[in-house]
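In what follows, a structure is listed as structure tokens, so that the remarks can point back to it.
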Amino acid sequence: MIVLFTDFGLEGPYTGQVKAVLHREAPGVPVIDLFSDAPAGRPKPSAYLLAAYAEWFPPGTVVLAVIDPGVGSARAPLVVEAEGRWYVGPDNGLFELVTRRAARPQSWEISSFPVALSASFHGRDLFAPVAGRLARGELPSGPPRTAESGRRADWPDDLAEIVYIDRYGNAMTGVRADCLPSEARIGVPGRELERARTFSDVPVGEAFWYANSNGLVEIAVNRGHAANALGLAIGDAVAVLG
Amino acid sequence: MIVLFTDFGLEGPYTGQVKAVLHREAPGVPVIDLFSDAPAGRPKPSAYLLAAYAEWFPPGTVVLAVIDPGVGSARAPLVVEAEGRWYVGPDNGLFELVTRRAARPQSWEISSFPVALSASFHGRDLFAPVAGRLARGELPSGPPRTAESGRRADWPDDLAEIVYIDRYGNAMTGVRADCLPSEARIGVPGRELERARTFSDVPVGEAFWYANSNGLVEIAVNRGHAANALGLAIGDAVAVLG
Amino acid sequence: MIVLFTDFGLEGPYTGQVKAVLHREAPGVPVIDLFSDAPAGRPKPSAYLLAAYAEWFPPGTVVLAVIDPGVGSARAPLVVEAEGRWYVGPDNGLFELVTRRAARPQSWEISSFPVALSASFHGRDLFAPVAGRLARGELPSGPPRTAESGRRADWPDDLAEIVYIDRYGNAMTGVRADCLPSEARIGVPGRELERARTFSDVPVGEAFWYANSNGLVEIAVNRGHAANALGLAIGDAVAVLG
């Protein structure tokens, strides 16, 4: 299975062209849109989101992950293997957390470039062909990554910031819930939120936090739009209290 | 074929994870996104929309329908068979109209729960595996539904309200057009709309109603945005006149 | 491969129903969403966008293209063959550029109509079945197009207007970049933009133009939203300054 994690959106031409390449390179392999609205052009929050969601998929999954504000610049293209999953994308920090949380991660630079390589769409021209070949069973052919340009040792293990806001207005953080005591509170500007099990456990209109279905601390309002109600945006800091 | 009817959206993680489960449980079965923007958290308008659109699909289709504001609460999970189509989702009224309009509907409670059941994402953890098993030919294994908690005998046969607004601004109602005389007018605040066959039969900018391609009374403006022009939102009442 | 080029969006019911028909008519043929947000109801900018993006796909591809503000009126339904690709859709100018740029284009009127033809959704009821049959290898069965109603001889070879704005705010024009000298500038209200190779070649926040990954002149801002920054909308004229 190939899983897409991008900021490309689905309605414009980008995801469709990537899928056309994947169908050509790996016919019959299912392609799943995991996120096509990951934080646009922001590898740091995306890295925490990716790490939380990729681990739900079985070993052998190929994750094509492209949040690539530096496309066409010197950042290296990369293949990472972590916990049996393959990741393909730019070496800009996006794979920092999946790498750091893995027992024996491996990574390779992509050193073979297609003849027809656009300056602005490496997702289609460079990364998708590599993902397709991995999905049909080929092993990475590039040299092991030596330059550590894409590692971000200064990034924390969990990111106490909003990393994603879903269509209901729920605001995910980059903090894993099982790293917190159950009585922890989450501070947002002017408010401290208690933990609940899920939406229907609190009154309509009440804000709370809970462990979402992929293990992240998520801020929500029962039948409300938490991000609007609490004024939250991607990149905003939250406080972990107690 | 498996058909998805949800309020999950496509760009975030929800629909993709559901599809990953369906691919695992029913490999090779096509999965169609019918609505991923059904009325968010509102089973009542969704029930009329679902009934109108599901009947376009052939018998044997499995419809995974999740509009589930009470996820994690006591509402039962359900399988319904109606006119040869299978429906899987929460017993919160969403299947009232497909049930009521069927000759010999059957329903079963889902009584077997997965070990890994999140509190907030039953679409992925509970309903999708059941839909996948139905799609590969298994029969429902739960007890027949006895509790009638999900039936809504007080809901009308047709709902004279806006149930959906499409991307062009056309406003669908929950009223079946073939239940109306051809000269019927539809009243919205401050206006009475005449029937037309289709857009190009009225002048540019003119509001009208017509029988849409799935049989619902739909309010439209030729080359305009009816919902904005007439101030219509989901849940707004309309009047059926004569 | 079947490629969809429409203004239907993905989240509502239109694209899903089209795909259900394609799966029925051409089981196993991959269906790619190229654009589902092409300029709504505007065949002219859509025609330039289609011509630029369709040529990226290999010969044999079937393109189902539906931008059809006149659905239900007298405009003819059409099949076009151009450079080995098949196009199916309304004869309203949408295929003017793919036809004009092809060496030996052929076109046929669709003369066989389904019994169940809605007045408003020919994409599903008329065009999708034809596209499916082409994709499984059938040849067009209608008479050669004789009426030239859909040709637009007065449209220019390249359209110096904005034809699409993507989710990042980049504004594509209908001008092919390889038709311009490399030192050309593009004029927008109050500004003249220089050419760059790609985003990372200009300072953050700077506006420029470049040849996008499908060959169109595109106006962009490095890490910014060009359409908002420069006040650009679909249909706005730009100046090509030699």
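Applying the selection to segment A:71-95, what residues are open to solvent by less than 30 Å² (accessible area, probe 1.4 Å), touching a helix residue (DSSP H, G or I) at 6+ places or on another chain (Cβ under 8 Å) and among the hydrophobic types (A, V, I, L, M, F, W, C)? If the condition is that a residue be open to solvent by less than 30 Å² (accessible area, probe 1.4 Å), touching a helix residue (DSSP H, G or I) at 6+ places or on another chain (Cβ under 8 Å) and among the hydrophobic types (A, V, I, L, M, F, W, C), then A:71, A:79, A:80, A:82, A:88, A:94, A:95 are the ones that fit. Checked against (1) open to solvent by 10 Å² or more (accessible area, probe 1.4 Å); (2) of a type outside the set (D, E, K, R); (3) more than 11 Å from chain C (Cβ to nearest Cβ); (4) part of a loop (DSSP other than H, G, I, E, B), residue A:98 meets all criteria but (4). Do the conditions hold for residue C:48, that is, is it in contact with a Gly (Cβ under 8 Å, 6 or more places away or on another chain), not in a loop (DSSP other than H, G, I, E, B) and not small (Gly, Ala, Ser)? It is true that residue C:48 is in contact with a Gly (Cβ under 8 Å, 6 or more places away or on another chain), not in a loop (DSSP other than H, G, I, E, B) and not small (Gly, Ala, Ser). Residues of segment A:156-163 include none that is away from chain C (no Cβ under 14 Å), of a type in the set (Val, Ile, Thr) and in a loop (DSSP other than H, G, I, E, B). Residues considered: C:118, C:112. Of these, the only one that is without any contact (Cβ under 8 Å) to a residue 24 or more places away in the chain and either surrounded by fewer than 22 Cβ atoms within 10 Å (Cβ to Cβ) or not acidic (Asp, Glu) (or both) is C:118. Give me the residue from segment B:121-154 that is more than 14 Å from chain A (Cβ to nearest Cβ) and closer than 12 Å to residue B:88 by Cα and, out of that set, most open to solvent (accessible area, probe 1.4 Å). Checking each candidate, the answer is B:133. The single condition among (1) under 17 Å from residue A:214 (Cβ atoms); (2) within 13 Å of another protein chain (Cβ to nearest Cβ) that residue A:92 does not satisfy is (1).
Output the residue which, of all residues in segment A:98-124 that are in contact with a helix residue (DSSP H, G or I) (Cβ under 8 Å, 6 or more places away or on another chain) and of a type in the set (S, T, N, Q), is nearest to residue A:140 (Cα to Cα). Here the residue is A:107.
Somewhere in segment C:1-21, is a residue assigned to a loop (DSSP other than H, G, I, E, B), away from chain B (no Cβ under 12 Å), touching a residue at least 12 places away in the same chain (Cβ under 8 Å) and out of contact with any Lys or Arg (no Cβ under 6 Å at 6 or more places or on another chain)? Among the residues of segment C:1-21, at least one is assigned to a loop (DSSP other than H, G, I, E, B), away from chain B (no Cβ under 12 Å), touching a residue at least 12 places away in the same chain (Cβ under 8 Å) and out of contact with any Lys or Arg (no Cβ under 6 Å at 6 or more places or on another chain), which makes the answer yes. All of (1) hydroxyl-bearing (Ser, Thr, Tyr); (2) part of a loop (DSSP other than H, G, I, E, B); (3) touching a residue at least 12 places away in the same chain (Cβ under 8 Å) hold for residue B:210 with one exception: (2).
Yes or no, residue by residue, for (1) surrounded by fewer than 22 Cβ atoms within 10 Å (Cβ to Cβ); (2) over 25 Å from residue C:122 (Cα atoms); (3) under 18 Å from the mean Cα position of the chain (by Cα); (4) away from chain C (no Cβ under 14 Å):
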| site | (1), (2), (3), (4) |
| --- | --- |
| B:175 | no, no, yes, yes |
| B:197 | yes, no, no, no |
| B:209 | no, no, no, no |
| B:215 | yes, no, yes, no |
| B:225 | yes, no, no, no |
| B:233 | yes, yes, yes, yes |
| B:236 | yes, yes, yes, yes |
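Can residue B:192 be described as assigned to a strand (DSSP E or B), surrounded by 16 or more Cβ atoms within 10 Å (Cβ to Cβ) and either more than 12 Å from every other protein chain (Cβ to nearest Cβ) or in contact with a Leu (Cβ under 6 Å, 6 or more places away or on another chain) (or both)? When the stated conditions are applied, residue B:192 does not pass them. Examine segment C:116-130 for a residue that is polar (S, T, N, Q) and in a strand (DSSP E or B), and state whether such a residue exists. Within segment C:116-130, not a single residue is polar (S, T, N, Q) and in a strand (DSSP E or B).
Taken residue by residue, segment C:57-68 has no member that is more than 16 Å from residue C:85 (Cα to Cα), open to solvent by 10 Å² or more (accessible area, probe 1.4 Å) and more than 18 Å from the chain's Cα centre (by Cα). Can we say residue A:78 is touching a residue at least 12 places away in the same chain (Cβ under 8 Å), within 17 Å of the chain's Cα centre (by Cα), within 15 Å of residue A:164 (Cβ to Cβ) and more than 14 Å from chain C (Cβ to nearest Cβ)? Against the criterion (touching a residue at least 12 places away in the same chain (Cβ under 8 Å), within 17 Å of the chain's Cα centre (by Cα), within 15 Å of residue A:164 (Cβ to Cβ) and more than 14 Å from chain C (Cβ to nearest Cβ)), residue A:78 does not qualify. Scanning segment A:131-166 for residues that are of a type outside the set (Ser, Thr, Tyr) and under 18 Å from residue A:236 (Cα atoms) yields a total of 11. Look at residue A:201 and say whether it is within 13 Å of chain B (Cβ to nearest Cβ) and open to solvent by less than 40 Å² (accessible area, probe 1.4 Å). Judged against the criteria, residue A:201 is not a match. Only residues that are closer than 24 Å to residue B:39 by Cβ, free of Cβ contacts under 8 Å to residues at least 24 places away in the same chain and not in a loop (DSSP other than H, G, I, E, B) were counted in segment A:195-207, giving 3.
In segment B:22-43, what count of residues is obtained for those that are without any contact (Cβ under 8 Å) to a residue 24 or more places away in the chain and open to solvent by less than 30 Å² (accessible area, probe 1.4 Å)?
Number satisfying all stated conditions: 0.
Apart from one condition, residue B:184 fits all of (1) of a type in the set (A, V, I, L, M); (2) within 14 Å of chain A (Cβ to nearest Cβ); (3) surrounded by 13 or more Cβ atoms within 10 Å (Cβ to Cβ); the exception is (2).
The values are calculated or read from the model by the stated rules, or taken from the named source; none is laboratory data. These numbers come from a predicted model, not from an experiment. Cβ: placed from backbone, ideal geometry, glycine included. Neighbour counts: every protein chain shown. What goes into the accessible areas is simple: the full protein's heavy atoms, side chains included, and nothing from ligands, DNA or RNA. Shrake-Rupley method; radii C 1.70, N 1.55, O 1.52, S 1.80 Å.
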